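One structure is given below, encoded as structure tokens.
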Amino acid sequence: MTQWIKVGAVVLTLVVAGCQTARGRHESNVPPQPTQPSAPASKPGYGVVTPPLGEPTPVAPTTPVAPGTDSVLAPPTEKVLPNFPKSADAISGPAVLSLLRSAQSARAAGQYAQAAGSLERALRIEPRNYFVWSTLADTYLRQKSYDQAESVAQKSNSIARGNVYVLQENWRVIRDSRTARNNPAGAAEAQSRIDVIQQMLQPAVLPVAPQ
Amino acid sequence: MKAFFIKIRYVVVAALILLISAAVIGFSIYLTSLDKEIRARFAGARWALPAQVYAAPLELYPGQALDSATLKHELERLGYREQPEPQGPGTFAITKDQALIYTRAFNFWDGAQPESRLSVRLAPAGITEVNDAVSGKSRDIVRLDPMLIGSIYPQQGEDRVLVKLTDVPQMLPRGLVAVEDRSFYSHYGVSIKGIMRAAFANLMAGHAVEGASTITQQLVKNFFLTPERSLKRKFKEVCMALLLEAHYSKDEIMEAYLNEVHLGQDGNRAVHGFGLGAQFYFNKPLSELHPHEFALLVGLVKGPSYYNPRRNPERAKARRDLVLQIFNDEGLIDDAEYKSAVELPLGLAGKSDGVARYPAFVDLVKRQLKGQYQDNDLTNEGLRIFTTLDPRAQEALEKQITEGLPVLEGQRKMKAGALQGAGVITSVDGGEVLALVGGRETRYAGFNRALDSRRSIGSLAKPFVYLTALQQPQQFNLTTILPDDPISLTMPNKDVWEPHNYDRQNHGPQPLYMALAQSYNLPTVALGLRVGATEVRKTMQLAGYSGNVLPVPSIFLGSLDAAPVEVAQMYATLAASGYQSPLSAIREVETKEGQPLSRFPIKVKQTLPEGPVYLATWAMRQVMTLGTGRSAYNVISPSTIVAGKTGTTDEMRDAWFAGFSADRVAVIWVGRDDFRPMGLSGATGALPIWSKVMRDIGVRGLDPLPPADVEEQLTDTATGLKADAGCTGAMLVPYIRGYAPTETAPCASILAPVNSAVDWLKGMLQ
């Protein structure tokens, strides 16, 4: 029985990871908007070349459903989920986005100290940017600083104001850190948080996959 | 007879030959040993290189709150020169709404940033655009080169900033040759002509008035020899000069000379080489010096103390102008340049603009490195240390402490200089130490009160008593009513402890938050006794207190010692919602070649629960609006929400204020080194300085958004019960979710049923 739960958890993990990676992909397809009032609209430079901030692994993107577009069949719970920003683009200034891009290319090259340095620069500019904290947490995870990865993910959670996309990502980091530190009970607890978020996000996906 | 003489002659000649041979052999051995010495010295690292300490770089990006005047000030502090048209790195032009900046190249720890020409658009609120002035392309973020704030040199030691000959403007070596050693490029280390000239001059004068040292000889003297004057030493000098020339090129000798020469003294720090000389006298890199500045440095070689431009400006100017004359004769500058150059003042940077500006902060840097690096590594290896110092924050802290103390002395009719002060500013998220002042003489390394003055913290301890209680939501909340009654405690040693309120009055029962806001002692002790001293001490330790105090009730009122930096650590944990980041003054350390050695990444650990910390800081916000800290809002804009706590110790020996905004923590201490009472409380002594510092550094106000496990409820503060619109003076108070008072206050009772009916209806409709 527990064996099956474990298998289920692993599958779910993969799915969650997949959804996570898809997030960044998807976001990059959306024409970015100037995020700062001070950024002049005539300057198309800001954010246009933003590479995906999620992982570059290609995964089938989930198709988002705009509220009310599909049909009356869409369950009303869909509207309960507030419109949380899904990527850093929505809440960050151009300087922070630029540093996030540097961090991302450093991460891709396996230069995690370099990436952390850029993220720390970004945090000095926007200390409450929970996306940046979240990326820093994941960077620590890749650096195998599991202790810091979990703490920083918790910190991101505490300022994320209930943003389920960020929370989900942070709980994934926490789960993996706990797994790496041989804390299966803690990892399972983190997984249960992910499951709850998954369920919250579920109705939005269901109508397009009616089989 | 004749034969006898011939025999004698042979003997003499043989003896002479033997003697000469012996001398030649002896001399050869001597030369070989000298040669060995020279090679040994020149082959490896020629100098012990002090570590160089840098401030945090200024970042330019759209949205940065930096107006024209502030940016100009920042650039000038970095030694950038204002020009009508920026020409070359380290220059700028600025108006109210635009700045053109020609930035310097700099090797940052994460990569080199080339020099660039920037066009920065400015509005009163800050930077709106940063563009490359050449291509017109927008730049998202650009770092300016960081300020060199000090170096870690050995006691009684030589300090220098190494330069390469290829990076040095030609005017300097050519000027030096013209002034010091005209035949440098043609002689073999010594100049016969020079010696003859000097000998003649000395003969005429009857004593030694002129040296005949070539640049090579001067280098040898500085490098290998003691300053004693003797024929023997002179002989050695000549031999070594010849040997040096035989082994090394003129360029190598010139480069060594540029880095070796002594150019001044700063306390026990010896300023060596032109690289440091340029920083020390002009606060900019050698490559940016103008002819009159080069001339001053070249002139100093003859006698850095005799021609000390700070002490003997007129003498130094005469010497400089003479050197400029030689520059002109040699064709290094034309007549027009010469004429304008001699008109210029010396153009010295203030001594405080030199390299040892922030001794207290560099002290902290050294201590943080202590465990990781040997003293020798720091003083010899030329490490580059990138710190967290924010020069703007540092300037504000220094200014408010040095200007604030004389004002306080005036108010209290104290002798000038009687008071001392210390202060710390840190960031909230990440725990970076941005500024540190260890005493009112900010330029002198002395007793560093910010780190070493452990004094009683008084009421700064109270938030930790309240926070301990608020972690038990089933027992305590912000509106729990506390008694304000006399307390008498018999201690284990039979002493009786009878604390009093500061004003020696009793104020009647107080809601918990109000007792903290007004800093009442008796309710605090009553609360502390209910939660226990051990628990309170534990909360303090979780916040970052590292001292070893007994868990006795007097700690509720702060009878424990801590240095300002430790208080900053404790309050930073509160400011960061319970997530502690160990305070750090360093970001990165790299080798002199630019290889990263160690990074000090942001560390975060949740040590205190978020909800209760939010409640405690909510009460600390009330300190500022209706309690002992309210005069802060005479200085800080009332729209900027801050939280803090006053601290006053027995008989007013210490005045503290510690508090924070969303992004900054600041701690101020004012007191006397002799521990005598000074008649100042936390509110009258430390708070005025704190408020001005927070205003000057432009803090961001706290965001009054409660965390997920906190709910807010309208409460009647007189009873601590649930209130509604019918209650006058009701307050929206945060509670740990699920623990808000459910019982309705008398003032709300009439409307209560109606309200619950409305609630019920709402519930039905949802």
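Data overview
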| item | result |
| --- | --- |
| In the stretch B:591-606, the residues that are away from chain A (no Cβ under 12 Å) and in contact (Cβ under 8 Å) with a residue 12 or more places away in the chain | B:THR591, B:LYS592, B:GLY594 |
| Out of B:ARG412, B:ARG440, sole residue that is basic (Lys, Arg), over 30 Å from B:VAL604 (Cβ atoms) and either under 17 Å from the mean Cα position of the chain (by Cα) or within 14 Å of chain A (Cβ to nearest Cβ) (or both) | B:ARG440 |
| Only listed residue being over 25 Å from B:THR128 (Cβ atoms), out of contact with any Gly (no Cβ under 8 Å at 6 or more places or on another chain) and modelled with pLDDT under 95, chosen from A:PRO76, A:PRO82 | A:PRO76 |
| Residues located in the stretch B:413-438, provided they are touching a helix residue (DSSP H, G or I) at 6+ places or on another chain (Cβ under 9 Å) and not in a strand (DSSP E or B) | B:MET414, B:LYS415, B:ALA416, B:GLY417, B:ALA418, B:LEU419, B:VAL428, B:ASP429, B:GLY430, B:GLY431, B:GLY438 |
| Checking A:VAL152 against (1) of a type in the set (Val, Ile, Thr); (2) within 13 Å of another protein chain (Cβ to nearest Cβ); (3) surrounded by fewer than 21 Cβ atoms within 10 Å (Cβ to Cβ), the condition it does not meet | (3) |
| Residue list for the stretch A:126-149, restricted to those being in contact with a strand residue (DSSP E or B) (Cβ under 9 Å, 6 or more places away or on another chain) and more than 7 Å from chain B (Cβ to nearest Cβ) | A:ASP147 |
| Given (1) exposed (fewer than 15 other Cβ atoms within 10 Å of the Cβ); (2) modelled with pLDDT under 95; (3) touching a Phe, Trp or Tyr at 6+ places or on another chain (Cβ under 9 Å), number of the condition B:ILE487 does not satisfy | (1) |
| Condition met for B:ARG530 (assigned to a loop (DSSP other than H, G, I, E, B) and of a type in the set (Lys, Arg)) | no |
| Selection status of A:VAL173, at the interface with another protein chain (Cβ under 10 Å from one of its Cβ atoms) and in a helix (DSSP H, G or I) | no |
| Single residue of the stretch B:546-578 satisfying the filter (hydroxyl-bearing (Ser, Thr, Tyr) and touching a residue at least 60 places away in the same chain (Cβ under 8 Å)) that is farthest from the other protein chains (Cβ to nearest Cβ) | B:SER559 |
| Qualifying positions in the stretch A:85-120 - over 18 Å from B:GLN64 (Cα atoms) and facing chain B (nearest Cβ under 8 Å) | A:ALA113, A:GLN114, A:ALA116, A:GLY117 |
| Exclusive hit being on the phi < 0 side of the Ramachandran plot, within 12 Å of another protein chain (Cβ to nearest Cβ) and modelled with pLDDT under 95, set B:ALA112, B:ALA125 | B:ALA125 |
| Some residue of the stretch B:715-725 being within 14 Å of chain A (Cβ to nearest Cβ), modelled with pLDDT of 85 or more, surrounded by fewer than 21 Cβ atoms within 10 Å (Cβ to Cβ) and not in a helix (DSSP H, G or I) | no |
| Test: residue in the stretch B:337-350 that is under 29 Å from A:GLU120 (Cβ atoms) and touching a Gly at 6+ places or on another chain (Cβ under 8 Å) | no |
| Residue that is nearest to the other protein chains (Cβ to nearest Cβ) [pool: residues in the stretch B:139-149 that are surrounded by 18 or more Cβ atoms within 10 Å (Cβ to Cβ) and not in a loop (DSSP other than H, G, I, E, B)] | B:VAL142 |
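The values are calculated or read from the model by the stated rules, or taken from the named source; none is laboratory data. Because the structure is predicted, anything quoted here is derived from the model rather than measured. Using ideal geometry, Cβ is built from the backbone for each residue, glycine included, and neighbour counts are taken over all protein chains shown.
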